[in-house]
1. So for A:Ser106, A:Ser337, what's the accessible-area order with a 1.4 Å probe, most first?
2. Angle check, please: helix A:24-40 long axis (alpha carbons) against the longest principal axis of chain A (alpha carbons), in degrees 0 to 90, nearest 10.
3. Going down the list A:Lys183/A:Lys233; A:Lys346/A:Lys489; A:Lys365/A:Lys434; A:Lys194/A:Lys246; A:Lys82/A:Lys572; A:Lys49/A:Lys604, which pairs span over 26 Å between their C-alpha atoms?
4. Expressed as an acute angle from 0 to 90° and rounded to the nearest 10, what is the orientation of the C-alpha long axis of helix A:445-462 relative to the principal long axis of chain A?
5. Aspartates and glutamates within cross-link reach of A:Lys595: Cα-Cα under 12 Å, excluding same-chain residues under 8 positions apart?
6. Can you give me the distance in nm between label points at A:Ala253 and A:Lys67, each placed 7 Å from the Cα along the Cα-to-Cβ direction?
7. From the helices alone, meaning DSSP H stretches of at least four residues, give me the mean residue ellipticity at 222 nm for chain A, per-run term -39500 (n - 2.57), in deg cm²/dmol to the nearest 500.
8. At a threshold of 8 angstrom on Cα-Cα distance, excluding pairs fewer than six apart, so keeping six or more, what relative contact order does segment A:272-409 reach in percent?
Amino acid sequence: MKIIIYYSPIIPFKDCELVMSQDLIEEAMLEMSEILEGYTGLSREIIYKKISEPPRKEFGDLSTPLKGANAPDKIIGKKYIKEINKVGIYYNAVINVDNLFSSLFSQLDDRYGFPEKKTGRRTVVEHTSANPIHPLHIGALRNAVIGDALARFLSYMGDEVTTRFYVNDSGRQVGVLAYGLEKLHWPSPLPSIKADYFYGLVYASTSTIVDIVKLSKTPNDKGKIDELVAIAKELSERFPEFWKLKEEIEKDADPEAEINRILKEYEEGNNEYKERIRKFVNEILNGFNETLSNLGVSFNFYDYESELLWSGKVKKIIDEILSSPHVIYHKDAKAISFEKLPEDVKDILKIPRGLKIPPLVVTRKDGTSLYTIRDIAYTLEKFKNSDLVINVIAEEQTIPQIQLRAALYLLGFTRIAENLYHYSYAMVNLEGTKMSGRRGRYVTIDELFNAVESVVKQKILEKNGDISTSASLARSAIRYAILSASATKPLSFSVNRVTDLNENSGPYLQYTYVRANSIMSKFTGELNLELADTKDIVNTKRDILISIAKFPYILKITYESLQLENLTIYIKNLADLFNSWYSRERILQEEDERKKTSRLYLVKGVKTVLGNSFNALGIDKVEKM
RNA sequence: GGACCCGUAGCUCAGCCAGGAUAGAGCGCUGGCCUUCUAAGCCAGUGGUCGGGGGUUCAAAUCCCCCCGGGUCCGCCA
């Protein structure tokens, strides 16, 4: 793995600071650059910046290419650097294992790696925030896992973190569902089925029927109608009330107008709609929670979008917008224009210079509100007690998120606009399935989780393991599959792959932890650093030592980049090293007390690093597998 | 048409932003290892025009330009 230096944080710090403790690799790199500075005349910053891990062992532990530098072929180091050897343009440093070992383990405790001081940054992570109209499907999975892991991670790193789920209970989709329910006289969910599944069927049925009615009035697209009819048949097999619902909806001259009417009355505070909609939204949210708890995901707050409407906060923003100089007419509607947003501000707000930001319409024709405008009001709320807001939202919403930042900036909320971060992630593909919430075609997270858990259970039975760990293992398999990939890349998912619990999986990491933990719990003595034989720290053990020492550094770059895969991949590599060593040498059975001691320290280090990383990523520590 | 993301082994992914020495994992395939602290493991082998072409550089998977392919967005939806 490459050692990376001098990262410029993705989000600049203002009055907050990350102070890492015990970052011994960083100290070694500083020492190396100081030594070379004296010989080469290059600034230590330049040297430091170029340090990386050499591709092969024989080149040492740290390496920096310095062309034209004229240092001696061999330099003796000081504390963490043993010596530096010149090979071609490279200066290769060998780490002083004795000193690294004693420094590292003289202070390694349960908190190892995490900063001792709080950063002083108050961070909101808004994530998942799925529309409460159908069960959570695979689309929301990546969001929930990334958001939850980010929040845990930042919290361990010393941010004061708040997690929020934005309940989008005021959008058109909720209006569609309310319309369908009204037509069915507000039925209660069937007891045999989870509420979110029941409402999901009503929503998909209503939405499909409304589209059929709409299309049948302008009969020009035969193919499309045939397709919808096929979907109708499909839905009617899953939802017995489908034809009754269709009959009811067809009685309305203009279903679309009915949906708008409901939305308007609801937004204006009609009590019946307020109550009825809140009731089903909460039932669906309960379903979400059941799903999310399987994944180990929970929230500090659920923020109902509708409350922003009824409290007048949205209206206040609309008024502010309308009195700003940036309002124009766009297709006969009042809209915010972003024409006058300066180019250099675009850079600050991470908006591509080449992008012409589309105008943002302020309200619908009938006066009801639109999502992005409501989101402005919501963003102000989120910033009330925070410095940074991270929105984990799919990349499809890049433009609205840009409009949001740009609008906030133009309205004068510059600090907020600058500290609002869109954590974008690409789509998850599941074995080529095509998903559509509006048509009720989706694979739910529950289905995936159950499939994974049942494979895990089978595996546990085969191995005579502890069946009570099945949920933990299934959860970690799913979370690992997501957290080890870069969020910006489209992710191909398949149940087969997630349930392949091999050496590149959550359970593999848990298994490695179990091994380390089991050794430590069988050891009853007291570890004494004086007894440790550092001469024994060679080959893979040496790699393990250095890897453990690198942990704070990895945490730091992960914190600054917000790319959790840095940490995930790192612990996978550490687990590989540990397992490789584990199969070759004995630890508790080692007869030489001094060797046994130094090895036990390594095991303790591995256990601590894995355990702390698990905490930060939301992977369960299990004792037995 | 414009903007953004992605393209690395048969498949799924690291590495790219911060350029350096024979490009790494897992799955798959081949063969080995359980009287030893948990074999969800270990060891060995197999497999790559880093999408293509130019450019910058002593040095390019990595930076720049062009092109090709896939995805997403450009709504009075979210």
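The values are calculated or read from the model by the stated rules, or taken from the named source; none is laboratory data. The structure presented is a predicted model; accordingly, all values stated were derived computationally and were not measured. Here the Cβ is made from the backbone with ideal geometry for all residues, glycine too, and neighbour counts use every protein chain on show. Side chains are part of the model used for accessible areas, which takes the heavy atoms of the whole protein and leaves out ligands, DNA and RNA. Shrake-Rupley method; radii C 1.70, N 1.55, O 1.52, S 1.80 Å.
1. Order by accessible area, largest first: A:Ser106, A:Ser337.
2. 60
3. Working: A:Lys183/A:Lys233 19 Å; A:Lys346/A:Lys489 24 Å; A:Lys365/A:Lys434 34 Å; A:Lys194/A:Lys246 23 Å; A:Lys82/A:Lys572 28 Å; A:Lys49/A:Lys604 32 Å.
Those over the limit are A:Lys365/A:Lys434; A:Lys82/A:Lys572; A:Lys49/A:Lys604.
4. For helix A:445-462, the angle is close to 40 degrees.
5. Straight-line reach from A:Lys595, under 12 Å: A:Glu530, A:Asp533, A:Asp536, A:Glu585.
6. The two pseudo-label positions are separated by 7.9 nm.
7. The per-residue figure over chain A is -16500 deg cm²/dmol.
8. 22
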